[in-house]
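Participant: Just passing along the structure, written as structure tokens.
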Amino acid sequence: DSSTVAQIEAVLAERRLTGLVGVRNQLDLTPMADAAGFTEAAAAVLADPGVDLAVVGCVPLTPALATLAPDRGHAEDLAAPGGVAGRLADLWKASRKPWVLVVDGGALYDPLARHLERVGVPVFRTADRAVRALSRYAGWRLGR
């Protein structure tokens, strides 16, 4: 949908990612997108009338998303206001469409996965498992 593309292009422009990231399926925001941009782009995709369901992949290796549990070795706090965990939880509550989250980053990000699971977000640790689960769900919804 052209309005979805325009929304995502605005997210990219605001973060000076125009030219680095192309708006297409599959959308890869790079590690330079912050938590707000990441979730705004996901929300735009989910709001698109041509999208029935989605896999949202979070490669949490960037401090821009604040995906680590608090520790003395860094300044991140996955539960801090404005972080990606809270924003994804809000998106989950607001979305009328089914979607799953992939947190692909190893055991260091287990606290992030558990935090999101506690608020109801279906979290998978690999994209292939997420796609299989969402495919089964879609098949069940379609009566197959």
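Participant: Please note which helices (runs of 4 or more DSSP H) are completely contained in segment 1-110 and include at least 1 residues that are open to solvent by 10 Å² or more (accessible area, probe 1.4 Å), modelled with pLDDT under 95 and more than 21 Å from Leu134 (Cβ to Cβ). Don't jump to the end; show me each part of the working.
Facilitator: Details: elements: 2-14, 35-47, 84-94.
By residue number, 2-14, 35-47.
Participant: Can you name every residue in segment 112-144 that is of a type in the set (Phe, Trp, Tyr) and under 13 Å from the mean Cα position of the chain (by Cα)? Lay out the reasoning, then the answer.
Facilitator: Going residue by residue through segment 112-144, those that are of a type in the set (Phe, Trp, Tyr) are 124, 137, 140.
Listed by number, the list holds a single entry, Phe124.
Participant: Turning to a different aspect of this structure: Taking the residues in segment 111-129 that are at pLDDT 95 or above and of a type in the set (Gly, Ala, Ser) as candidates, determine which candidate is nearest to Ala69 (Cα to Cα).
Facilitator: Among those that are at pLDDT 95 or above and of a type in the set (Gly, Ala, Ser), it is Ala113.
Participant: Residue by residue through segment 111-144, note down the ones that are of a type outside the set (Ser, Thr, Tyr), open to solvent by 50 Å² or more (accessible area, probe 1.4 Å) and outside any loop (DSSP other than H, G, I, E, B). If you could, list the steps in order and put the result at the bottom.
Facilitator: Keep residues of segment 111-144 that are of a type outside the set (Ser, Thr, Tyr), which gives 111-125, 127-134, 136, 138-144.
Adding the requirement that they be open to solvent by 50 Å² or more (accessible area, probe 1.4 Å) leaves 114, 117-119, 125, 127-129, 131-132, 136, 140-144.
Arg114, Glu117, Arg118, Ala127, Asp128, Arg129, Val131, Arg132, Arg136, Trp140, Arg141 - these are the residues of segment 111-144 that are of a type outside the set (Ser, Thr, Tyr), open to solvent by 50 Å² or more (accessible area, probe 1.4 Å) and outside any loop (DSSP other than H, G, I, E, B).
The values are calculated or read from the model by the stated rules, or taken from the named source; none is laboratory data. A quick note: this is a predicted structure, and the numbers were derived from the prediction, not measured. Here Cβ is always computed from backbone atoms with ideal geometry, including for glycine, and neighbour counts include all displayed protein chains. Accessible surface areas use protein heavy atoms only, side chains included; no ligands, DNA or RNA. Shrake-Rupley method; radii C 1.70, N 1.55, O 1.52, S 1.80 Å.
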